[in-house]
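Structure first, commentary second.
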């Protein structure tokens with residue numbers, strides 16, 4: 001693994017100081033890559049600890065208690081796991097109550113790191129904040145694509161969030177690679193048709209467009225068998241329309257890895273499941289994204305220029 005990319009993450013994205021303590025969390029599937037991070041960062045920080053856990057079966061499932069405790073004590077935590085820990089109670093508590101600065105890299109690969117980490121974060125931050133501000137001010141959203149997506153949803157009273165790759169303030173959190181603006185739609189308000197023509201969490205890159213019907217904030221069908229099997233035991237909360245996100249990373253590509261796919265320019269994504277960590281009301285051990293190309297997004301009737 002290129003040490004320069006890891007140094008960019010440590011020094012530019014986190015603003016790592018020599019006096020700070022870093023925790024690297026991995027699962028068995030990403031242990032080799034985590035070791036690369038450890039070897040570089042241990043020479044940049046006062047203390048660097050690597051903790052490994054068994055892989056989780058679903059995005060949003062809690063880590064072991066030992067790791068949850070360790071997250072609270074670190075200045076910086078880097079999460080290199082196959083399934084995302086972003087929407088877990090352990091992650092949210094460590095950031096909100098203990099000020100841990102954290103980045104989640106679920107399913108990351110060396111190729112994605114090499115391609116999409118080294119970029120102009122100041123420019124990305126400006127773009128993301130501009131769009132997040134428009135989302136925060138907005139009340140109603142309409143989304144269309146030439147493939148058949150046609151959606152209406154309310155964002156009244158909700159706040160737009162940015163994932164800009166800059167985690168220098170206490171409690172800051174996001175993904176790496178970074179590059180999106182997002183919001184939690186008001187529960188029960190999303191209606192219409194979503195046509196997924198890029199990729200989906202768990203399923204990867206879609207071979208042909210997938211049509212999902214949405215009524216009163218919940219998906220009505222799930223044509224992707226892997227996802228259908230995973231969400232069935234979780235009940236209605238897993239069907240909740242949790243997020244609208246807009247990809248902004250100029251170096252990201254759609255390859256079937258949702259971590260990078262949802263950050264690619266000229267894409268947007270809807271997610272189902274949990275949204276309590278960014279302004280919503282639904283908590284469940286599930287957060288699954290569906291990415292589609294070339295969205296036309298209107299906020300209160302005015303087209304959003306991305």
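Looking at the calculated P(r) for the chain, what percent of the C-alpha pair distances fall above 28 Å? Every Cα pair in the chain considered, those over 28 Å come to 33 percent. Modelled this way, with points 7 Å down the Cα-to-C-beta line, the labels at residue 35 and residue 57 are 2.9 nm from one another.
Rounded to the nearest 5, the antiparallel percentage of DSSP beta bridges internal to the chain is 70%. Relative to the longest principal axis of the Cα atoms of the chain, helix 89-98 runs at roughly 60 degrees.
With a ≥ b ≥ c taken as the square roots of the eigenvalues of the C-alpha gyration tensor of the range 121-303, please select rounded if a/c is under 1.5 and otherwise prolate if a/b is larger than b/c or oblate if it is not? Rounded, since a/c falls under 1.5.
Under the simplified labelling scheme, the residue 228-residue 170 pair shows an inter-label distance of 4.9 nm, with each label point 7 Å from Cα along Cα→Cβ.
What the Cβ-Cβ distance of residue 236 and residue 11 gives, at R0 = 45 Å and to the nearest 0.05, is a FRET efficiency of 0.55. Given axes a ≥ b ≥ c from the Cα gyration tensor, I'd like to know whether the range 1-136 is rounded (a/c under 1.5), prolate (a/b larger than b/c) or oblate. Rounded. Assuming a ≥ b ≥ c are the square roots of the Cα gyration tensor eigenvalues, decide whether the range 232-306 counts as rounded (a/c under 1.5), prolate (otherwise, with a/b larger than b/c) or oblate. Note, shape of the range 232-306 comes out oblate. Summarising the strand pairing of the range 68-213, around 70 percent of its internal DSSP beta bridges are antiparallel. When only alpha carbons are used to place a centre, the range 231-278 and the range 1-44 end up 25 Å from one another. Counting other Cβ atoms within 10 Å as a rough exposure proxy, the listed residues 136, 88 run 136, 88 from fewest neighbours to most. Look at the alpha carbon pairs under 8 Å that are at least 6 residues apart: their mean separation over the length of the chain gives a relative contact order of 16 percent. Measuring from centroid to centroid over Cα atoms, what is the spacing of the range 191-218 and the range 74-121 in Å? That distance is 26 Å.
Length gained on full extension, residue 220 to residue 109, computed as 0.36 nm times the residue gap minus the Cα-Cα distance: 36.6 nm. Label-to-label distance, residue 213 versus residue 144, with points set 7 angstrom from Cα along the beta-carbon direction: 2.2 nm.
Each reported figure results from applying straightforward, stated rules to the coordinates on display, with no laboratory input. All values derive from a computational prediction rather than experimental measurement. When we count neighbours, we look across all protein chains shown, and the Cβ atoms used for this are built from the backbone with ideal geometry, even at glycine.
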